[in-house]
Structure formats: C-alpha cells, structure tokens
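Peer 1: Next up is a structure, given as structure tokens.
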Amino acid sequence: MKRREILKSLTLLPLAGGITATAAPLNNMLSAPAAGRDLFKELGIRTFINAAGNYTVMSGCLMPPEVMDAINAASKKFALVDDVQEKVGERIAQICHAEAALVSAGCWSALMLGMAGVLTGMDSKRVSQVPNLAGTGMKSEVILQKSHSMGYDHALTQAGVKLIKVETREEVEAAINENTAMLWFLNREVNVGKIKHQEWLELGKKYNLPTMIDIAADVPPVENLWKFNDMGFDLVVISGGKAMRGPQSAGILMGKKKYVDAARLSNNPRGGIGRGQKVNKEEVFGMYAALERFVNLDHKKEWEMWERKIAYIAGVIKSIPGVSTSTHIPATEDNKMPTLKVTWDPNKIKLTNVEMGERLRKGSPSVEVISWEAPNTLRCGMHVLEAGEEKIVASRLKEELLKASV
Ligand SMILES: *Cc1c(COP(=O)(O)O)cnc(C)c1O
C-alpha cells in the first residue's frame, strides 16, 4: 500500500478495532464531573503513543503548556479578529524577517490565501470573483516543477488557477505568458527538482512574477523560518501544527506586505474564499506562542534528546537475532530530524512490516510507528514522543520481535 492509502486506512481504526478504550455506560457519562473528564475514554476513542510523526491523520502534534496557556488566555476575552491578526502578524513578521504575516487555518489555507492575494491585489471586486477567474482580467496559471507536485499544490487550485508543470529552465521560460500569475516552489523536494531556489527567484525577477515557497514541515532547522524571506521569496507558507507544535488548525502566510494584505481580503472574517477556513483568536495566539517557544528552544539539546531515545530503544532490541538498527534522517528537506530505523531478517523474524504496525497498534498501550515504507522495516519518530515513552516503545518492539522470532 502507498503511504497515503495506509494513512487513510488509519482513520477507520477506532471503529474497526475498538482497541484499548471502551465506552463508558451512558449513565456514567451523564453524571461525569466536568473537571478531569477523559473524553477519549468516555467516547471510546483509541489513543496511542505516537512514535511516527506529525501526521495530520494522527492529529498532528501535542501542544505544549505555553501554547495551551495562550489559547486559554485568548478564550477569556473578546477582541476584534482583525486586531488580533494585525498585532500578532506584526510580531510573527518581525521574528521571521518578513514584511507582514497572518495566521491561517494550516499551511493549506496559507497556500490558498496567498494565491488569492496574488490574483486579486487590493481589488474587492476581484476578491468576490475568485475562484471563477475566466473573464475577470485576473491571471490564471501557476508554474511549478513536476517533482514539486505531490498533492499540496492542489491548495492553489482552490483559488481557481491552473497548474503548469515543467522540468527545465527552458520549459519555465516557454510556459510563461500573459496568464502566468506566480512561480511556486516546494522546498521539500529541492534536491529532486532541476531548478533550485536562486534560479527560481532569478526567473521570478526576470519575468516580474511573484514567487511562493511551501516550507510546511521544514523546521527544524529553526533558521528556515527566516531563510526564505531573506532569500527573497515573495510569499512563504508553513504549518503551525507540525514540529512547531502549535494548533493543528494553524499555519502562517508571510512575505511581502502587498500580497499578505491582499490575502487578508479573502480571509475570514470577510466573505472571500477563506471564510470557510476560520481561525479565531485562540488559534492566532496559540500559533504565536508556539512560534516563540520554538525559536527560543535549545535545538541542540532537543536533537541530543532524540539521539538518546534512539540509542535507548536500539539498545533494547538490537541483540535480537536478525534485527539491525540505525539512525535515519529523511533525504527530503522536511522533517529533518533523526528517527530510529529498524530492519529485520524475514528468515529469522516472521512478520511483515504491515503486520508489525498492526500488532503495535492493537497492543496495550497502542503504539503508532512508520510501518508502511519498506518490507521488514519500520521507523520510529522521536520528536513526537512524550518523556519516558521511549521505554514503552522499546519494550513493545522487543516483545513483538521476540514473539515472531523463529
Ligand atoms: C503538511 C503540509 C501542508 C499542509 O499543511 P497543513 O498545516 O496541514 O494545512 C502543505 N504542504 C506540505 C509540503 C506539507 O507537508
């Protein structure tokens, strides 16, 4: 199965498995005290130790206390959404070396809103016409590299544009015409695409076209928060609920003021295409607190902690005959964090990677790992583990590997 199919199938699990949690009887539920309620338990929803990563289908990330404090503080007072967005946007822009910023409903919404801003400018009639671009005088095409097209570019089409996919510089230049609205870049795949950042920016300059870069999951390194603004991309979009551990329903659109200001016109609380992707003061404050926390984190210490966890788990399982362990950092530019890779000899351990994933999932406690990538292999993400959970992951892995040993 492809990664996406497996991830999709995970959403069915709570129904199919009913695994660790059991629903409380109705009368219990009605008399349950408000404080300290465990709604997961009450409603019979499987919870798990996440040793995989910031997957949207797995609910993304856990928000740290600093983020929850900001969200709770936001929930206690009324304010104009525009005022909240304006003040927080200024601070985010400062931190990230951008002219302006806004908090969007995830990186997906930032892609769509930034695209809308580029198309409409400050013209409110145009804002009301998006995504029906034909006959409006708005441009309607976005150029990107084929290797950068992996599903997220679909967000741009919500603003009505057509995607023109190319491979070489010559193809970019041939594709540019009077309908070209923007050049779009996916940082994650920079190593695969023929055209790198600088050349992409040069092309934008040469043809006077705005450029947007998607860096959704590309921190750490923390410097990526400002690197692409410094480089000269007109718009930069990033997720809030991945390694930054902000609200899963938050992201950031940042860059040149004229485009961010234009994007605001399509966003809530106004009635443009962003109206259905509402973020309120809670997400905006939560995003801001998460960004501040992330920038102030000791990233070297974090990295060392992940390595310690990897060493701990590897130490528990590597003496099992047929098992080998290594540290794996993704080759793409996203999720650049050390993970534990476990491989086993199928002649010594009779278990497929998918079966292994399922046994860990159905165990107690339930554990999710990356089990869909390669035969007889799994990976464990460390940055999503809470303190001490590496011990549970290690013992569950050991148990299942030994059980399947011949
Ligand atoms: C996750 C991701 C997105 C979408 O981000 P959300 O914050 O989930 O909306 C967009 N682009 C890329 C490359 C991503 O990895």
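Peer 1: Only bridges with both residues in the stretch 65-296 count here: give the DSSP antiparallel percent, nearest 5.
Peer 2: Counting DSSP beta bridges with both partners in the stretch 65-296, the antiparallel share is about 40 percent.
Peer 1: Can you give the angle from 0 to 90° between the axis of helix 299-317 and the longest principal axis of the chain, with both taken from C-alpha atoms, to the nearest 10?
Peer 2: 30
Peer 1: Angle check, please: helix 389-403 long axis (alpha carbons) against the longest principal axis of the chain (alpha carbons), in degrees 0 to 90, nearest 10.
Peer 2: The angle comes out at about 60 degrees.
Peer 1: Averaging over all projection directions, find the projected area of the Cα convex hull of the stretch 311-394 and quote it in nm² with one decimal place.
Peer 2: 5.5
Peer 1: Within the accessible area of the stretch 65-296, what % is carbon and sulfur when the probe is 1.4 Å and the other protein chains stay in place?
Peer 2: Heavy-atom surface of the stretch 65-296 belonging to carbon and sulfur, 1.4 Å probe: 51 percent.
Peer 1: Per residue, how much accessible surface does the chain expose to a 1.4 Å probe? Answer in Å², no decimals.
Peer 2: Values: 18870 Å² over 406 residues.
Computed with neighbouring chains in place, this is 46 Å² per residue.
Peer 1: Would you mind computing, in nm to one decimal, how far apart the modelled labels at S59 and N177 are, each placed 7 Å from Cα along Cα→Cβ?
Peer 2: Here the modelled spin labels are 4.9 nm apart.
Peer 1: 7 Å from Cα along Cα→Cβ at both S324 and D230: what's the point-to-point distance in nm?
Peer 2: 3.9
Peer 1: Okay, next question. Please work out, to two decimal places, the log10 of the ratio I(q)/I(0) at q = 0.09 Å⁻¹ from a Debye calculation in which every Cα of the stretch 65-296 carries one identical scatterer.
Peer 2: -0.34
Peer 1: Hey, another quick one. From the P(r) of the chain, can you give the percent of Cα pairs sitting at distances over 42 Å?
Peer 2: Summing the P(r) tail past 42 Å for the chain gives 19 percent.
Peer 1: Going by the alpha-carbon gyration tensor, a ≥ b ≥ c the square roots of its eigenvalues, is the stretch 190-323 rounded (a/c under 1.5) or, if a/c is not under 1.5, prolate (a/b greater than b/c) versus oblate?
Peer 2: oblate
Peer 1: So, one more: Determine the shape class of the stretch 248-297: with a ≥ b ≥ c the square roots of the Cα gyration tensor eigenvalues, call it rounded for a/c under 1.5, and otherwise prolate if a/b is greater than b/c, oblate otherwise.
Peer 2: Because a/c hits 1.5 or more and a/b fails to exceed b/c, the stretch 248-297 counts as oblate.
Peer 1: Taking a 28 Å limit on the Cα-Cα distance, which of the listed pairs K139/K194; K41/K77; K205/K242 fall beyond it?
Peer 2: K41/K77; K205/K242
Peer 1: How much length, in nm to one decimal, is gained on full extension between E355 and K336, taken as 0.36 nm per residue of separation minus their Cα-Cα distance?
Peer 2: Full extension of this stretch gives 4.1 nm more.
Peer 1: Something else about it: Efficiency by 1/(1 + (r/R0)^6): what FRET value for A79 and N296, r their Cβ-Cβ distance, R0 = 35 Å, to the nearest 0.05? All intermediate terms of the calculation are to be shown ahead of the outcome.
Peer 2: Values: r = 25 Å, r/R0 = 0.71.
After rounding to 0.05, the efficiency reads 0.90.
Peer 1: Okay, moving on. Contact order normalised by length for the chain, with contacts defined as Cα pairs under 8 Å and 6 or more residues apart; what percent is it?
Peer 2: About 22 percent, as a whole number.
Peer 1: For the stretch 293-334, what is one quarter of the convex hull surface built on the Cα atoms, given in nm²?
Peer 2: 4.1
Peer 1: Straight-line reach from K206: which aspartates and glutamates have Cα under 16 Å away, leaving out those fewer than 8 places along the same chain?
Peer 2: E170, E171, E173, E178, D234
Peer 1: Let me check something: with ligands and nucleic acids excluded, how do K301, K391, K242, K309 order by accessible area (1.4 Å probe), largest to smallest?
Peer 2: I get K301, K391, K242, K309, largest accessible area first.
Peer 1: Between E399 and E167, what is the FRET efficiency for a Förster distance of 56 Å, r being their Cβ-Cβ separation, to the nearest 0.05?
Peer 2: 0.70
Peer 1: To the nearest 10 degrees, how steeply does helix 81-95 sit against the main Cα axis of the chain, on a 0 to 90 scale?
Peer 2: For 81-95 against the chain, the angle is about 80 degrees.
Peer 1: Output the peptides 353-366, 202-215 sorted from most to least packed, where packing is the average of other Cβ atoms within 10 Å over each peptide's residues. Could the numbers behind the result be given before it?
Peer 2: On the way: 353-366: 17.1, 202-215: 18.9.
Ranking, from highest mean packing down: 202-215, 353-366.
Peer 1: Over the chain, what is the percentage of antiparallel beta bridges among all DSSP beta bridges, to the nearest 5?
Peer 2: Looking only at bridges with both residues in the chain, the antiparallel portion is about 55 percent.
Peer 1: Compute the length gained on full extension between E386 and K278: take 0.36 nm times their separation in residues and subtract their Cα-Cα distance, giving the result in nm to one decimal.
Peer 2: Stretched out fully, the E386 to K278 stretch lengthens by 35.9 nm.
The values are calculated or read from the model by the stated rules, or taken from the named source; none is laboratory data. This structure is a prediction, so every number in the text was calculated from the model and none was measured. No Cβ is skipped: glycine too gets one built from the backbone with ideal geometry, and neighbour counts run over all protein chains shown. Note: areas computed on protein heavy atoms with side chains; ligands, DNA, RNA excluded. Shrake-Rupley method; radii C 1.70, N 1.55, O 1.52, S 1.80 Å.
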